[in-house]
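The values are calculated or read from the model by the stated rules, or taken from the named source; none is laboratory data. Source: prediction; values computed, not measured. Glycine gets a Cβ as well: all are built from the backbone with ideal geometry, and neighbour counts include every protein chain shown. We work out accessible area using only protein heavy atoms, side chains counted, and drop any ligands, DNA or RNA first. Shrake-Rupley method; radii C 1.70, N 1.55, O 1.52, S 1.80 Å.
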Amino acid sequence: EFHAATINTFSIDGSAGDDSVTVHGTDLDDTGSSIGLTGALHSSDYHVSTAGFESTTFVGGGGNDYTQVYGSLLDDTFYSLPQEAKLTTPDSQHIMLGFERVDGYGRGGNDYGSLYGTLGDDLYISRDRFTLIKGDGHMGYTKGFERIDSFGRGGNDVAELHGTTGDDKFISTDKYAALITEFRITY
């Protein structure tokens, strides 16, 4: 264990094998990012970079924490709940806990994402290539995913599904809506 008052830049290498790492943030505004087997978590007082880990977990420690996770060029799965998000690729797993905002980016393949709202009132927006769900103290965002499912968990939620300039298909019932565009499927 190291104290960030004396050492504030850390690099951790998992090397070979099936490695996992967990990095905890501070009470400051923490920012995280991860792609493949690498990641970084930092604030104004510290910087931790990770490499060679098949499983990376970043834990926001307080403040207004934000993180970005990037998928692989293959098929990936992403979900975002308030205070918990996970991106799984064929060779890595990225878990983000305690972050108020999580952005997930698909980079290729047939990527699937699911966004979950809060127990209160949420706003869900779906446009050509991005989606977001925003509620009290939580925002989940995706870009570049071929299919997105979103789930309300309570409150008076509002959904805005925006079509494209091409041929789109909209399906709706009293509890379900779907928009199928040339770019992706949104539920």
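Residue order by solvent-accessible surface for Leu119, Leu179, Leu97 is Leu119, Leu97, Leu179, largest first, with ligands and nucleic acids left out and a 1.4 Å probe.
Taking the accessible area of the chain, probe 1.4 Å, and keeping the other protein chains in place, the carbon and sulfur fraction comes to 51%. Rolling a 1.4 Å probe across all protein chains gives Arg147 an accessible area of roughly 90 Å². The antiparallel fraction among DSSP beta bridges confined to the stretch 30-116 stands at about 50%. Using a simple spin-label model with pseudo-atoms 7 Å out from Cα toward Cβ, Ala178 and Ile125 lie 2.5 nm apart.
Summarised as an ellipsoid, the chain has semi-axes of 32, 19, 11 Å, derived from the eigenvalues of the Cα gyration tensor scaled by 5 and square-rooted, with the largest first. Where both bridge residues fall in the chain, DSSP classifies roughly 45% of the beta bridges as antiparallel. Each Lys or Arg adds one and each Asp or Glu takes one away; over the other residues whose Cβ falls under 13 Å from the Cβ of Ser33, this sums to -2.
The length gained on full extension between Phe170 and Ala16, counted as 0.36 nm times the residue separation minus their Cα-Cα distance, comes to 50.6 nm.
GNM remark for the chain: springs join alpha carbons under 10 Å apart, and the peak mean-square fluctuation among Asn64, Asn156, Asn110 falls on Asn156.
Label-to-label distance, Glu160 versus His24, with points set 7 angstrom from Cα along the beta-carbon direction: 4.0 nm.
The mean accessible area for residues of the chain, using a 1.4 Å probe and ignoring ligands and nucleic acids, is 51 Å² per residue.
Simple spin-label model, 7 Å along Cα-to-Cβ: His47 to Asp91 in nm? Inter-label distance under the simple model: 2.5 nm.
Highest mean packing comes first when the peptides 136-143, 8-15 are listed by Cβ atoms within 10 Å, giving 136-143, 8-15.
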